[in-house]
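Q: Handing you a structure now.
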Amino acid sequence: MSSRVCKTCGCADIDIDQARGNAVCMGCGSVLEDNIIVSEVTFVENSGGGSSAVGQFVSSDGTGKTPVLGSGFHTSIGKESRTQTLQNGKRHINNLGHQLQLNQHCLDTAFNFFKMAVSKHLTRGRKMAHVIAACLYLVCRTEGTPHMLLDLSDLLQVNVYVLGRTFLLLARELCINAPAIDPCLYIPRFAHMLEFGDKNHEVSMTALRLLQRMKRDWMHTGRRPSGLCGAALLVAARMHEFRRTVKEVIGVVKVCEATLRKRLTEFEDTPTSQLTIDEFMKVDLEQECDPPSFTAGQRKLRLQQLEQELAKKIDEVQGEICSYQDEIEMELENSRPKLKGIYASYTKEDTQDDTLSVASGFPGNEDGEDEELVAAAKHLNKDFCRELLSEQDEADSGAESGAESEQPTTSRQPPLASLLGPLPTAASLGLSDSIRQCIAEKEDEENSEHGELDLNGIDDEEIERYILNEKEVKIKTDLWMKQNADYLKEQKEKEERIAKEKELGIYKEQKPKRPPKKREPIRASTAGEAIEKMLEQKKISSKINYDVLRDLNKKGCSPSHQSEEAVTSPTSKRLASRRKRNIAALGLGNQVSNMGKRLKPLISGPTIKKPAGDQGVTSTVPTPTPEVSQPVVVESGPVVYEDVPDEEDDEDEEPCVSAMQLMGGNGL
Amino acid sequence: MEPNNDVALDIIITNVVAVFRTRCHLNLRTIAREGSNVIYKPEVGKVLMKLRKPRITASIWSSGKIICTGATSEEEAKLGARRLARCLQKLGFKVKFTDYKVVNVLAVCTMPFQIQLIEFTKNNRPIASYEPELHPAASYRIKNLKATVQIFSTGSITVTGPNVQFVATAVEQIYPLLFECKMAAR
């Protein structure tokens, strides 16, 4: 307040009394201001004798929406969506946190994370439970508490990986670097669960030492920490003469038996396992081991190399054997009498046929190249050619040698065919393909503009094979129909249903979900009206005994009740039509269902339009009703008002109190 | 930073995924009936067709969009895609081969040393993330290349990226980082 100068005396000394609300000049005593508006906190006395401050809290980051005064009771008065979300979140966090035995500091931190997540809109499109679990787990990681993601997923009955995904996203968005899990953190917890009694501490220490040893031996990278803990604890328990079976340990640690066994065998492979218990406690081996997966990989590599070497050696040996064979054969033939005349020509033909058949095997086979086979094939090929040549030279060979020369060729033919079979000439084909492609790249570009298919390198014949002929098509169709009979039936039924609904004109198009419309606050002159409107907005609960409610309201005021019927019948019609299914489910009896059926044809017109807002509905609806009802409602206002709030207070959580009685009242 | 000139890392491409459009509506039932190596999935609304020669599997939608997976090189992927289009042409559809694009390339590579994942994650936060409870590998995302590298403690890494060039660049980029965190030499 700016201190002014007094008008009468010009004195600048003005005394302002907040209590009286006066501004008085100290010089002349004239009252300059009266009833000054004060902005202070004032208190009001409650019915119980206590006093509370007047006013409401408005959040600084909220919208400028003023809270509804009076009849907005289905949402807490004056709270916006953001605060609601935060309150909800806080409640859930505390719930979960207590189940996990987290202290208050952790819970507060988790709530802070949650607030950050909400402000970054990370809760959109995600289940609240997931986000909350992720916040809690983040706290666990930063504080270093021995809680696993598995525990959280156990409590929530959600897949661990889903939670993990949310958690990773949260950590990334909030730029929080969660420190890596140390399996040593879990030891005290698991040890406690395994009940070692007095020796708990000692067993834990032993297990810790074991774990550290495992870490040095690189068993822990890329593994679940719980598995390692399980193995360490098992060994530690046995070392201290506690009988803990694998099953018990598994139950506590939550890994499967195979994992535990594998860890144990890996540990067995390390040199530490050779030490006795006392030695282990005293000595720490300097040597470190490779991680077990690495050694396994190395072993595989070594095996493969060995196999390759062996294969090569076999080839060499085979080659040698073949060469010996050839020499022996040669010698034998040289020493045999030769065929002359017709038989010689026969032998020549046979061998030529053989070569033809073998050669045709070449282009037909298209599998991958194999160097060994190529080498072997080449070698054998050489021999074969040599054989051919030698036989052709000996064109004058006799029948016996002819027959015998056939035999070695036939005996060699199957192995040759099988060996040479997979020789790829596709290699040459493939090369030509890529060469052609490189040259024809420009063509490709043009084609892609037009969308035409470039047929380079595409073997039409091969593609023909992919297409079945008519008979096959028929067989396949029949098979498929039989197999998928159920699915096809479902589809047919669905289509029939849609067609029927279309006829009736009630076909509900499955549109993609629109965002939920904002509901305006209800403005009504009476409590009863307000209830009706609220019920239209909200769905009817199935937990209310509507008969009783009906009677309750009936007892209060019968005349007003009747008037309400008239007023609310149109609204109830709307309710009935929209919620005919709900009504049926509630099982309110014939009255309601009859009413619903009766009124449905009447209102089939307006319902299809699907009114945009509820206010629109209620505003249009009263117009068809006779105007007589309206003044009646006004008169009965105060009467109704007395009764209804009492009932409402009782059933605040399920405030859909009187609509059903109104609907049922019509039938009555 | 150790140069990797002396060591030649061979990057083996194991999978190439490509998409293309046929710009015409395809009747999946016809394809399912008349193709010889097809799987029809009416619930999802697509047909899986497997080719033998470049060994690829293609998902065919009725809108004409086709996704080809399983090729081992970019050229093979294109060849397979064209073969597939030719096959559809023979079945009677007016197929055009447009909008061909390689979408994803998966390659594996083995380092000659093992890697300490925890140290690697510590050095490269927040680009790298390692959750042993969930997955045994640490994952490193290179934003400008749009590539993801999964690093295992044995030294093998898998790289996925939009094309082969980026994948190779990613391996080159990540090699020095991995070399820093390699395990004490055996």
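Q: Of A:LYS215/A:LYS247; A:LYS262/A:LYS300; A:LYS115/B:LYS146; A:LYS474/B:LYS101; A:LYS90/A:LYS120, which ones are farther than 27 Å apart at the Cα?
A: Values: A:LYS215/A:LYS247 24 Å; A:LYS262/A:LYS300 18 Å; A:LYS115/B:LYS146 31 Å; A:LYS474/B:LYS101 36 Å; A:LYS90/A:LYS120 17 Å.
Over 27 Å apart, Cα to Cα: A:LYS115/B:LYS146; A:LYS474/B:LYS101.
Q: Note down the net charge around B:ARG23, summing +1 for each Lys or Arg and -1 for each Asp or Glu among other residues with Cβ under 9 Å from its Cβ.
A: Numbers: positive: B:ARG21, B:LYS94, B:LYS96; negative: B:ASP99.
Within the 9 Å Cβ shell, the charges total +2.
Q: A further question follows. Between chains A and B, what is the buried accessible area summed over both chains (1.4 Å probe, protein heavy atoms, nearest 100 Å²)? The partial results should precede the final answer.
A: Numbers: alone 44290 and 10910 Å², together 50560 Å².
Result for this pair: about 4600 Å² buried.
Q: Note down the nm distance, to one decimal, between modelled labels 7 Å out along Cα→Cβ at A:MET116 and at A:ARG243.
A: Result: 5.1 nm between the two label points.
Q: What does the charge count around B:ILE39 come to, taking other residues whose C-beta lies under 10 Å from its C-beta (Lys +1, Arg +1, Asp -1, Glu -1)?
A: Values: positive: B:LYS41, B:LYS46, B:LYS50; negative: none.
Taking every Cβ under 10 Å from that of B:ILE39, the sum is +3.
Q: What distance in nm separates the simple spin-label points at B:GLU119 and A:LEU488, each placed 7 Å from Cα in the Cβ direction?
A: Between B:GLU119 and A:LEU488, the label points sit 6.5 nm apart.
Q: Placing +1 at every Lys and Arg Cβ and -1 at every Asp and Glu Cβ, with all other atoms neutral, what dipole size does segment A:167-252 have around its Cα centre, in debye to the nearest 20?
A: Values: 13 positive and 8 negative charges, 55 e Å.
It works out to roughly 260 debye.
Q: Same structure again: Can you work out the accessible area per residue across segment A:71-211, with the rest of the protein chains kept in place, probe 1.4 Å, in square angstrom? The partial results should precede the final answer.
A: Numbers: 7020 Å² over 141 residues.
Averaged over the residues of segment A:71-211, the accessible area is 50 Å².
Q: Could you please put A:LEU479, B:LEU84 in sequence from largest to smallest accessible area, using a 1.4 Å probe?
A: Values: A:LEU479 110, B:LEU84 0 Å².
Per-residue accessible area, sorted high to low, gives A:LEU479, B:LEU84.
Q: Compare the Cα positions of B:SER156, B:LEU79, B:LEU28 along the charge dipole of segment B:1-156 (+1 at Cβ of Lys, Arg; -1 at Cβ of Asp, Glu; about the Cα centre) and return the one farthest towards the positive end.
A: B:LEU28
Q: Which peptide among B:14-21, A:122-129, B:160-167 comes first, and what is the full order, when sorted by highest mean count of other Cβ atoms within 10 Å?
A: On the way: B:14-21: 20.0, A:122-129: 13.6, B:160-167: 17.8.
Per-residue Cβ counts within 10 Å, averaged per peptide and sorted highest first, yield B:14-21, B:160-167, A:122-129.
Q: With point charges of +1 on the Cβ of Lys and Arg and -1 on the Cβ of Asp and Glu, referenced to the Cα centre of segment A:93-194, which listed residue (A:TYR137, A:LEU163, A:MET148) lies farthest in the positive direction of the dipole?
A: Among A:TYR137, A:LEU163, A:MET148, the one farthest towards the positive end of the dipole of segment A:93-194 is A:LEU163.
Q: Find the accessible area per residue for chain B; the probe is 1.4 Å, ligands and nucleic acids are left out, and the unit is Å².
A: Values: 8580 Å² over 186 residues.
Per residue, chain B has 46 Å² of solvent-accessible surface.
Q: A further question follows. Within 10 Å of each Cβ in B:32-39, how many Cβ atoms from other chains are there, averaged over the peptide?
A: 5
Q: Still on this model: In segment A:193-257, what percent of the accessible surface is made up of carbon and sulfur (1.4 Å probe, ligands and nucleic acids excluded)?
A: With neighbouring chains kept in place, the figure for segment A:193-257 is 53 percent.
Q: Moving on to the next point. If you put +1 on each Lys and Arg Cβ and -1 on each Asp and Glu Cβ, how big is the dipole of segment A:1-53 around its Cα centre, in Debye rounded to 20? Kindly include the intermediate steps, with their values, before the conclusion.
A: On the way: 3 positive and 7 negative charges, 34 e Å.
Its charge dipole is roughly 160 debye.
Q: What distance in nm separates the simple spin-label points at A:GLU202 and A:LYS312, each placed 7 Å from Cα in the Cβ direction?
A: Each label point lies 7 Å from its Cα, and together they span 5.9 nm.
The values are calculated or read from the model by the stated rules, or taken from the named source; none is laboratory data. Keep in mind the model is a prediction, meaning the values are calculated, not measured. Positions of Cβ are generated from backbone atoms using ideal geometry, with glycine treated the same way; all protein chains shown enter the neighbour counts. When the accessible area is computed, the model is the full protein with side chains, heavy atoms only, and any ligands, DNA or RNA have been set aside. Shrake-Rupley method; radii C 1.70, N 1.55, O 1.52, S 1.80 Å.
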